[in-house]
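See structure below.
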Amino acid sequence: MDRSRPSPSRVEIDDPRVTSLLGEMTLTEKIGQLHQINAGEAHLHDHLAWALREGRVGSVINEVEVDIVNEMQRMAVEESRLGVPLLIGRDVIHGFKTVMPIPLAQAASWDPPLVQDAARIAAREAAASGVNWTFSPMLDVSRDPRWGRIAESFGEDPTLAGALGAAMVRGYQGDSLANPVSLAACAKHFAGYGAVEGGRDYAATNVPENELRNVYLPPFQAAVEAGVATLMTSFSDIDGVPATANRWLLRTVLRDEWGSDAMVVSDWDSVRQLAIHGLAANDRESAYQAITAGVDMEMHGEAYVGHLEALIGQGVVALELIDQAVARILALKYSLHLFDRPYTDVGSFPPPGAADARAVAKRAALESAVLVKNASDVLPLNAQALDRLAVIGPLADAAHDQLGTWIFDGDPGMSITPLQALRELVGDHVDIAYEPALATSRDRDMQRIETAATLARQADAVVVCLGEEAILSGEAHCRADIDLPGAQTALVRGLAEEGRPVIGVIMAGRPLTLSGVVEHLDAVLIAWHGGAMAGPAIAELLFGHAAPSGKLPASFPRMVGQVPIYHSHKRTGKPPSPETIAHIDDIDPRAPQLSLGMTSFHLDAGYTPLFPFGYGLTYTTFTYHDLRLEQARVRLGEDVVAHVELENTGSREGVEVVQWYVRDLVGSVTRPVRELKAFERVHLAAGERRSITCRLTAQDLAFAGRDGRRRAEAGEFHLWVGGDSQAPVRADFWLEDD
Ligand code: BGC
């Protein structure tokens, strides 16, 4: 990314019209701009209508009936004294009508242009409803699959999340916010929310400043650099100060260090929740805390409208703070051209679910599926060689569940399920027998497992669609046990006993612990909640009309007790190795206390995940040769340039995601064992070989030191390249002081 060039879609904060309009506003009208009202099922309710006419509302959330949105805008523009149009906010998280794969799945594509295209489609469909502001992308680095919101995230890695988050911002905001198809994006939840204790939503986070700066903040900084129009504060308490009252985050980091003018909105009623947290005694104190910390707009809550006027009157809050917040909101409205174009002409947009939208949804589902096991090359299936296919499982024909969480506007009627798609793709040649076996993913009733096993016995191959229903992940949908729920493990075992090849397709909103089933499955395709077009993508991947190319954006633990387990952990003073670990089953009861290696591992799970970050197979194989650095000794501040030869050594074309990892051996603060620094999707024909280049700038190698400042430090580095985070091909370089 060219960091020196401002994104054309950023908000123009110095617009002279803002100052002039601000000069005409009463204090009540100013505070009105900081207020967001929920429409929801009541739509244009009496309180909202009153607030619109009085100029006491700046934004409406949760109204997507275009005629009602237009009427709201008309009331704001034509019936209020100053005619200020509205921001219309909606959670457009992974598509609007055309549901794309969940963000965690999109992250598995490692394909920023694809993520950008998917967001562009979502923006177009949402804009047709009058929405002009989406609460996306969610940029919380997430290393805890118990947390239901990992589904909304780009996974465990800050570099991947930053690249995809910036792409999503570019997709929503387009080349210009003035484009009627653009939405203002919102980077959320600023910051640290992904670290909620125990993976329990809304719980406290305890993230030291150094970890915040090196892990949790970089994706937000990438979004800011991409010109994101707004940020949302997190619900969570961070080191004793909830994010919604965190002046250090919202002023020191966002405004002073990053120079951002992006408007900051609270999360849903999170201003008043400051009193529930126990940081404030009542709504008045909450309003004081949030406005002084730097929250410009209150999402669905009445602390600001209820108390700011008095706080200013009493001289407790400076009017200047209100003016700054209002200016940011007005500047956004001017940038979106809402003053000269407040109404939505639905006829000027393509209909929802248009062919190009479905094509992007399908491409996203194809690229996001990750093949993690393929014993004896059981995949791809060959339709000519199969007479009978058994399609089993509670998610094989679950149009709603494949859409995943946050689909307020999605239509399950637009979903094509794996069962439908398999029938369509190979039904002419292959006899397809279907048995869900379990009514839902949580069903514990084992009675129909026998029926499913019978179908398996009569078939040449079995596809079993397993996982979680949509409702088991997302906000406030956390799990302490992340095995396949219900009787699904028993189902897999029942099918495996029939001796036919069994292919597991896992449709879930999080990494699951799959140790109990992987050994009974011949192939495993992680298809996540793949959206409307999940079915055709899965069918084409299983039958080799397309090849898997996804890579895991988060590690898959062996057991839940390993969580958090992620690739870029610190080394510790006692790192484990295969020689220094013991297994609980092998330990002599009288073994001396100090005999077990004394390194950092679990007696029952070791120290590695079941599947590591970045991992994914395809139908061909790739090898990496001749890694070389242009210079092994590089002056601090200059670029490190490496080349490697990538070869497709199989007999099919394929896509490899080339991943570059670095370890800084000695730092002024300890550095992770590996950090992802760059990645690239590369398509190679069978037998093709290509030279791949990686250029790392000083910025790429920089990290926040003890003083919080980012800089690269001199010393020795390891550089690895490969197809996952355990890639063995390595070269070393040194950064040198002048
Ligand atoms: C969530 C936000 C969301 C907001 C509005 C909150 O509960 O945390 O991510 O944007 O609701 O629906």
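Residues of segment 501-550 that are more than 21 Å from the chain's Cα centre (by Cα) and part of a loop (DSSP other than H, G, I, E, B): P501, L514, E519, H520, L521, D522, F543, G544, H545, A546, A547.
Regarding L338, is this residue surrounded by 17 or more Cβ atoms within 10 Å (Cβ to Cβ) and assigned to a helix (DSSP H, G or I)? Considered against the rule, which asks whether it is surrounded by 17 or more Cβ atoms within 10 Å (Cβ to Cβ) and assigned to a helix (DSSP H, G or I), L338 comes out as no. Here segment 268-298 is the region considered, the condition is being part of a helix (DSSP H, G or I) and of a type in the set (S, T, Y), and the residue that is surrounded by the most Cβ atoms within 10 Å (Cβ to Cβ) is S286.
Go through (1) away from the ligand (no atom under 16 Å from the Cβ); (2) closer than 30 Å to A554 by Cβ; (3) acidic (D, E) for E54 and report which single condition fails. Result: E54 fails condition (2) only.
Residue count for segment 284-313, restricted to those that are more than 16 Å from the ligand (Cβ to nearest atom), of a type outside the set (A, V, I, L, M, F, W, C) and in contact with a Leu (Cβ under 9 Å, 6 or more places away or on another chain): 10.
Mind telling me which of the residues A365, A357, A331 ends up being away from the ligand (no atom under 16 Å from the Cβ) and either in contact with a Gly (Cβ under 7 Å, 6 or more places away or on another chain) or modelled with pLDDT under 95 (or both)?
Working: A357 fails: either in contact with a Gly (Cβ under 7 Å, 6 or more places away or on another chain) or modelled with pLDDT under 95 (or both); A331 fails: either in contact with a Gly (Cβ under 7 Å, 6 or more places away or on another chain) or modelled with pLDDT under 95 (or both).
Of A365, A357, A331, the one residue that is away from the ligand (no atom under 16 Å from the Cβ) and either in contact with a Gly (Cβ under 7 Å, 6 or more places away or on another chain) or modelled with pLDDT under 95 (or both) is A365.
Taking the criterion of being touching a Leu at 6+ places or on another chain (Cβ under 8 Å), assigned to a loop (DSSP other than H, G, I, E, B) and within 24 Å of G722 (Cα to Cα), would at least one residue in segment 590-609 satisfy it? No - not one qualifying residue is present in segment 590-609. Residues in segment 137-150 that are out of contact with any Phe, Trp or Tyr (no Cβ under 7 Å at 6 or more places or on another chain) and within 16 Å of the ligand (Cβ to nearest atom): P137, M138, S142, W147, G148, R149, I150. Name the single residue that is farthest from the chain's Cα centre (by Cα) among those in segment 651-681 being over 29 Å from S577 (Cβ atoms) and surrounded by 17 or more Cβ atoms within 10 Å (Cβ to Cβ). The selected residue is G654. Counting only strands (runs of 3 or more DSSP E) that sit wholly inside segment 1-111, not one has at least 1 residues that are modelled with pLDDT under 95. Checking each residue in segment 475-515 for being touching a Lys or Arg at 6+ places or on another chain (Cβ under 8 Å) and of a type in the set (D, E) picks out E475, E498.
Looking only at segment 654-676, which residues are under 19 Å from N210 (Cβ atoms) and assigned to a strand (DSSP E or B)? Answer for segment 654-676, where residues must be under 19 Å from N210 (Cβ atoms) and assigned to a strand (DSSP E or B): V662, R663, D664, P672, E675, L676.
For segment 460-470, filtering for residues that are closer than 24 Å to I93 by Cβ and either within 16 Å of the ligand (Cβ to nearest atom) or small (G, A, S) (or both) leaves 2. Taken residue by residue, segment 139-162 has at least one member that is of a type in the set (V, I, T), closer than 24 Å to A293 by Cβ and crowded, with 24+ Cβ neighbours inside 10 Å.
Per this entry, D175 is counted among residues that are in contact (Cβ under 8 Å) with a residue 40 or more places away in the chain and surrounded by fewer than 24 Cβ atoms within 10 Å (Cβ to Cβ).
What residue, of A122, A191, is within 16 Å of the ligand (Cβ to nearest atom) and under 19 Å from I61 (Cβ atoms)? Talk me through it step by step, then tell me what you get.
Details: A191 fails: under 19 Å from I61 (Cβ atoms).
Only one candidate qualifies: A122.
Whenever a residue of segment 371-383 is closer than 14 Å to I506 by Cβ, its partners that are among the polar types (S, T, N, Q) and assigned to a loop (DSSP other than H, G, I, E, B), lying with C-beta atoms within less than 8 angstrom and at least six residues away or across chains, give the pairs L371/T618. In the set (1) surrounded by fewer than 22 Cβ atoms within 10 Å (Cβ to Cβ); (2) in contact (Cβ under 8 Å) with a residue 60 or more places away in the chain; (3) within 26 Å of G509 (Cβ to Cβ), the condition left unmet by A365 is number (1). Go through segment 508-527 and give me each residue that's touching a strand residue (DSSP E or B) at 6+ places or on another chain (Cβ under 6 Å) and acidic (D, E). The answer is D522, and nothing else.
Just to verify a result, which residue in segment 151-188, among those that are among the small types (G, A, S) and within 16 Å of the ligand (Cβ to nearest atom), is farthest from H477 (Cα to Cα)? Please lay out each step first, then the result.
As a first pass, look at segment 151-188 and keep what is among the small types (G, A, S): 151, 153, 155, 161-163, 165-167, 171, 174, 176, 178, 182, 184-185, 187.
Those still in the list that are within 16 Å of the ligand (Cβ to nearest atom) too: 151, 153, 161, 165, 184-185, 187.
Values: A151: 10, S153: 14, A161: 22, G165: 23, A184: 27, A185: 24, A187: 21 Å.
For segment 151-188, the residue satisfying everything is A184.
Condition check for R213 on (1) touching a strand residue (DSSP E or B) at 6+ places or on another chain (Cβ under 7 Å); (2) more than 15 Å from the ligand (Cβ to nearest atom); (3) part of a loop (DSSP other than H, G, I, E, B): one failure, at (3). Within the bounds of segment 83-100, is there any residue that is over 24 Å from H300 (Cα atoms) and under 13 Å from the mean Cα position of the chain (by Cα)? Yes: one or more hits. Selection over segment 559-583 of residues that are outside any loop (DSSP other than H, G, I, E, B) and either in contact with a Phe, Trp or Tyr (Cβ under 8 Å, 6 or more places away or on another chain) or surrounded by 11 or more Cβ atoms within 10 Å (Cβ to Cβ) (or both) gives a count of 5. All conditions in (1) within 16 Å of the ligand (Cβ to nearest atom); (2) more than 30 Å from the chain's Cα centre (by Cα) hold for A281, with the sole exception of (1).
Return yes when R200 is over 13 Å from P137 (Cα atoms), of a type in the set (D, E, K, R) and within 16 Å of the ligand (Cβ to nearest atom) and no when it is not. So that I can check it myself, show each step before the final result.
Values: over 13 Å from P137 (Cα atoms): yes; of a type in the set (D, E, K, R): yes; within 16 Å of the ligand (Cβ to nearest atom): yes.
Answer is yes for this residue.
Selection of segment 239-266 for residues being surrounded by 24 or more Cβ atoms within 10 Å (Cβ to Cβ) and assigned to a strand (DSSP E or B) yields P242, M263, V264, V265.
The values are calculated or read from the model by the stated rules, or taken from the named source; none is laboratory data. Small disclaimer: the values here were computed from a predicted structure and weren't measured. Every residue, glycine as well, gets a Cβ built from its backbone with ideal geometry; the counts of neighbours run over all protein chains shown.
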